[in-house]
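The values are calculated or read from the model by the stated rules, or taken from the named source; none is laboratory data. What you are looking at is a predicted structure, and each value in this text was computed from that prediction instead of being measured. Note that we place each Cβ from the backbone using ideal geometry, even for glycine, and neighbour counts take in every protein chain shown.
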């Protein structure tokens, strides 16, 4: 059977048009944008053109776009950068953020900052009222993800943005999983927004941080003053070219593709829940990423199920992880108060632009056989 890749939330293939746009900057147009000769100026102009195009998509100014090595660096630069610029204070985040956010916040706690971790409801939604209640006089930054990477729940970012703007508090959103959603920073009312190329058919190793003019950031590391003095280091010209092209393609096709993926995802969810007993959908039933399907298979070890699927060329993901020879339930699933037995029997299927209905039908058939077999063994 031809491999079926359903792990697009982890990584996507580079789009052929993106690769075509990038190739010259690996081979014949390899100048450093900081060089003053003609090849250097050409590279500089290409980077600035990409910056303008991304700024246009975000409805931002070009000087508000900072290129990084990916989502984790963008997140860290946003959160650490603001905190170190402020020197002290209180931050607010949610209990279901990506480790890039949570680990950065935990690090800042060791440096004297205080952090409030807002709980979520059973669907993974953050309440604006809970955020408002957590605000203190010394709150310097609120960081809430746009869409959850594990269960797919989309957060009310615009509502949170209005709240933080009214209070005069900086607001950051991790939008690494939200490249196909609304990215107008004016509508979202965010001060900082992060994107990751590898989630939108750009190459790995490139990301974007939108930083509203006037927001001070302390650099994570220093170098030659690149990226307005905020992110030193030799500029990744091909990656940046690819990032701009990929974001343009995703945003151009988002309405049509999101509708297709929503239809496919709903079909897939319905087939699993109907044909495989004791299965449940996790995350919000409607306010979710169109390509995200997170299912618990009661009575089945998720790791065993994942390996059986992989052996048959079906590639999916599991939120739980092995720590000291003990399987630990995903913090996201703990946060939505999923019972441990369900949490340890859950898999994430994330669809992509290559996904077709026929593939999902094959996956359901394989799931039926494997789940039934594993449940028999577990009896």
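The residue that is surrounded by the most Cβ atoms within 10 Å (Cβ to Cβ), counting only those in the stretch 279-288 that are touching a residue at least 12 places away in the same chain (Cβ under 8 Å) and on the phi < 0 side of the Ramachandran plot, is 282. Tell me which residues, restricted to the stretch 104-131, are under 14 Å from residue 80 (Cα atoms) and in a helix (DSSP H, G or I). Result: 104, 105, 106, 107, 108, 109.
Within the stretch 350-375, being more than 19 Å from residue 306 (Cα to Cα) and within 26 Å of the chain's Cα centre (by Cα) holds for 353, 354, 356, 357. Within the set 92, 66, 79, the sole residue that is farther than 15 Å from residue 194 by Cβ, in the same structural domain as residue 175 (by TED's automatic domain parsing), surrounded by 22 or more Cβ atoms within 10 Å (Cβ to Cβ) and in contact with a helix residue (DSSP H, G or I) (Cβ under 9 Å, 6 or more places away or on another chain) turns out to be 92. Applying the condition of being farther than 18 Å from residue 154 by Cα and part of a loop (DSSP other than H, G, I, E, B) to the stretch 52-103 and asking which residue is nearest to the chain's Cα centre (by Cα) yields 70. Considering the conditions (1) out of contact with any strand residue (DSSP E or B) (no Cβ under 7 Å at 6 or more places or on another chain); (2) not in a helix (DSSP H, G or I), residue 9 is excluded by exactly one of them, (1).
Under the condition of being in contact with a helix residue (DSSP H, G or I) (Cβ under 8 Å, 6 or more places away or on another chain) and crowded, with 18+ Cβ neighbours inside 10 Å, which residue from the stretch 289-300 is nearest to residue 339 (Cα to Cα)? By that ranking, first place goes to 296. Of all residues in the stretch 242-260, one or more are over 30 Å from residue 42 (Cα atoms), surrounded by fewer than 14 Cβ atoms within 10 Å (Cβ to Cβ), touching a residue at least 24 places away in the same chain (Cβ under 8 Å) and not assigned by TED's automatic domain parsing to the domain that holds residue 58.
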